[in-house]
Amino acid sequence: MTTNLVLAVTIGGLFAAGVYLMLSRNLIRVILGFLLAGHSINLLLLTTGVGGVPPIVGEAANGEQMADPIPQALILTSIVISLAVSTFLFAMAYRNFRNTQDPEIEDELEPDEFADAEAGAGEE
């Protein structure tokens, strides 16, 4: 089985762009990076499927190779799951933006700074 070189480069480019976006500090870019990486994995699953006639019960294949429906089913399931997860993540990013007015991800507090922040909050 040979894979089209253009498709392989496209998959690699999409995945690389997704990883690059995931390394950003902007929440929207991180979410878009996850989506791009997911789409590249869907394309990778598409390349694993063998083309052929549809595997419909009752129709004779006439010696032709039937298509494997498993990659198509996995891709459809992945699309539905990624739609639900991306909607949830965008809602959480919007909620974070409404609370902080900043789309950037803040630095985590060091353990000493965290203890000082909790002690300062308890005095108020």
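Only the coordinates and a few stated rules stand behind these numbers; no lab work does. Fair warning: this is a prediction, and the values are worked out from it, not measured in the lab. All Cβ positions, even for glycine, are placed from backbone atoms using ideal geometry, and neighbour counts span all protein chains on display.
Taking the Cβ-Cβ separation of Tyr94 and Leu7 as r and a Förster radius of 35 Å, what is the calculated FRET efficiency to the nearest 0.05?
Details: r = 35 Å, r/R0 = 0.99.
According to the calculation, E is roughly 0.50.
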**OP:** Would you calculate the separation in nanometres between label points at Val50 and Leu23, each defined as 7 Å from the Cα along the Cα-to-beta-carbon direction?
**Re:** 3.9 nm
Subject >> Kirkwood hydrodynamic radius over Cα pairs of region 11-83, then Stokes diffusion coefficient at 37 °C and 0.692 mPa s, in µm²/s >> reply: 235 µm²/s
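Cα convex hull of region 1-47: how many Å³ per residue?
With only Cα atoms used, region 1-47 gives 45 Å³ per residue.
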**OP:** Give the relative contact order (percent, whole number) for region 26-105; include only Cα pairs under 8 Å separated by 6+ residues.
**Re:** 39 percent
Subject >> Integer Hz, Karplus 6.51/-1.76/1.60 couplings in order for region 20-37, x for Gly and Pro >> reply: 4, 5, 5, 7, 6, 9, 8, 4, 5, 5, 5, 5, 5, x, 4, 5, 5, 5
Original post:
Got a sec to turn the phi values of region 84-100 into Karplus ³J(HN,Hα) couplings, 6.51 cos²θ - 1.76 cosθ + 1.60 with θ = phi - 60°, whole Hz, x for Gly and Pro?
Top reply: 5, 5, 5, 4, 5, 5, 5, 5, 5, 5, 5, 5, 5, 5, 5, 7, 9
Original post:
Given H placed 1.01 Å from N in the peptide plane, which residues other than close sequence neighbours of Asp68 have an amide H under 5 Å from its amide H?
Top reply: Val50
